[in-house]
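Right, one structure below, let's go through it.
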Amino acid sequence: MLMSEQSVVLMLVFLCYPCYPHIPYSHLQSSILPGQVDMWTQQDTGCACPHDMLDHTCPCCVQGGCSCGHAGRCVQCGLEEGCGQMCNVTITAKDVLTRSGKSYGEIKSSPGMKGPVFCWFRFVPSPEQRVELHIYRILRVGQYDGRKERCVGGGIQFSFSPSSVFQTGPLTLCGDNERYSPPVVMFLDYGENTHGSPVLLVGVDEITPRSQFLAHFSFTSFSDTVTGRRIRGGNRVPNTDCDYEYTEERCAKEPHCTITSPGYPGIYPQNRLCRYHIKTQEGGLKGVKIEIKRLNMPSDTKF
């Protein structure tokens, strides 16, 4: 006997970025001790140079860092491209962990970077990992046009993309001189019907005397009870922005399904409508129980 399906549609309209100032994220900067130059450089001189062990004018690196020689800084082992032009790089979780012993790192604009310029950084997580990104600094990377309500002249995007080109839908950050504390936090996950891989795009269309950005990344485990929370059990509806389909067969079993805002607990593009289709079998479950674990809303929200 065939049973027809019944469907409940939960529609969530995301009008703005989460306004709660303390978005949960992995505190990667806690590894930077007082007096350190940056995440991988203990001091900018005083240690043996890789090309001449008798020359002690090169930077001293922390564990997991590799010297850039007379450039005066260290970079994460496995990402030695950062000693020169840190641009158009694929960052693989397995390689970074093997070379540096860390599942996180830093992406910093190359010294002397200036517009016009375009760079991409593609992330390849291991199974059971998501990609977490923190933006701390933007200098002369486009600007926000209030009339057009979008960035012009350049910007930074973090999105799924099979090609390294800017898209119209993803969140875009831009600014002439921005410092973020706490950082702008974003997450991306692989999933069914997801095309491409997580990619950070940085573009400046205009001529600038100098442009900068600073970001930290983490290959964050699904097992983390806070930053590992994500959409679970749902299948992405093809050709939609953020719609998912859930079935009784899947969600009635442990572990139960999870619905989250896009890229939870990070930020997401504003004015986004997401539909979550919950399908039950006729003669099956008598109702659908939704238990809200965490809810961030602007202080002036009215229900």
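The requirement of being open to solvent by 70 Å² or more (accessible area, probe 1.4 Å), closer than 26 Å to LEU188 by Cα and either modelled with pLDDT under 90 or not in a helix (DSSP H, G or I) (or both) is fulfilled somewhere in segment 28-43, by at least one residue. When restricted to residues that are open to solvent by 70 Å² or more (accessible area, probe 1.4 Å) and assigned to a loop (DSSP other than H, G, I, E, B), segment 239-282 contains 8. Restricting attention to segment 157-166, does a residue exist that is touching a Leu at 6+ places or on another chain (Cβ under 9 Å), among the aromatic types (Phe, Trp, Tyr) and open to solvent by 30 Å² or more (accessible area, probe 1.4 Å)? Yes, segment 157-166 contains a residue that is touching a Leu at 6+ places or on another chain (Cβ under 9 Å), among the aromatic types (Phe, Trp, Tyr) and open to solvent by 30 Å² or more (accessible area, probe 1.4 Å). Scanning segment 77-113 for residues that are assigned to a strand (DSSP E or B) and of a type in the set (A, V, I, L, M) yields VAL89, ILE91, ILE107. Among the residues of segment 114-142, the one identified as hydroxyl-bearing (Ser, Thr, Tyr) and buried (at least 17 other Cβ atoms within 10 Å of the Cβ) is TYR136.
If only one of PRO59, PRO50 is of a type outside the set (Lys, Arg) and open to solvent by 10 Å² or more (accessible area, probe 1.4 Å), which one is it? Before the answer, list the steps.
On the way: PRO59 fails: open to solvent by 10 Å² or more (accessible area, probe 1.4 Å).
Selected residue: PRO50, the only one of PRO59, PRO50 that is of a type outside the set (Lys, Arg) and open to solvent by 10 Å² or more (accessible area, probe 1.4 Å).
Taking the listed residues LYS94, LYS114, the one that is modelled with pLDDT of 90 or more and touching a Lys or Arg at 6+ places or on another chain (Cβ under 9 Å) is LYS114, with no other qualifying. Within segment 179-186, not a single residue is surrounded by 17 or more Cβ atoms within 10 Å (Cβ to Cβ), touching a residue at least 24 places away in the same chain (Cβ under 8 Å) and outside any strand (DSSP E or B). Whenever a residue of segment 98-123 is in contact (Cβ under 8 Å) with a residue 60 or more places away in the chain, its partners that are part of a loop (DSSP other than H, G, I, E, B) and aromatic (Phe, Trp, Tyr), lying with C-beta atoms within less than 9 angstrom and at least six residues away or across chains, give the pairs GLY105/TRP40; GLU106/TRP40; PHE118/PHE166.
Could you check, for segment 143-155, whether at least one of its residues is in a strand (DSSP E or B), among the β-branched types (Val, Ile, Thr) and over 17 Å from the mean Cα position of the chain (by Cα)? Outline the logic, then answer.
Within segment 143-155, the first condition is being in a strand (DSSP E or B), and the residues that meet it are 143-145, 150-152, 154-155.
Applying the additional criterion that residues be among the β-branched types (Val, Ile, Thr) yields 152.
Next cut, over 17 Å from the mean Cα position of the chain (by Cα) only: 152.
Checked segment 143-155: at least one residue is in a strand (DSSP E or B), among the β-branched types (Val, Ile, Thr) and over 17 Å from the mean Cα position of the chain (by Cα).
Residues are listed down the side, and each one gets a yes or a no for (1) part of a strand (DSSP E or B); (2) within 23 Å of PRO262 (Cβ to Cβ); (3) at pLDDT 90 or above:
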position	(1), (2), (3)
CYS60	yes, no, yes
GLN63	no, no, no
HIS70	no, no, no
ARG122	yes, yes, yes
PRO127	no, yes, no
LEU133	yes, yes, yes
LEU139	yes, no, yes
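For first residues located in segment 216-238 and free of Cβ contacts under 8 Å to residues at least 24 places away in the same chain and open to solvent by less than 20 Å² (accessible area, probe 1.4 Å), partners that are of a type outside the set (Gly, Ala, Ser) and part of a strand (DSSP E or B) and lie 6+ apart or on another chain with Cβ distances below 9 Å do not occur.
Scanning segment 262-303 for residues being at pLDDT 85 or above and of a type in the set (Gly, Ala, Ser) gives a total of 2.
The values are calculated or read from the model by the stated rules, or taken from the named source; none is laboratory data. In this text, all values refer to a predicted model and were calculated from it rather than measured experimentally. Methodologically, a virtual Cβ is constructed for each residue, glycine included, from the backbone with ideal geometry; neighbour enumeration extends over all protein chains shown. Heads up: the accessible areas ignore ligands, DNA and RNA and are worked out on the full protein's heavy atoms, side chains in. Shrake-Rupley method; radii C 1.70, N 1.55, O 1.52, S 1.80 Å.
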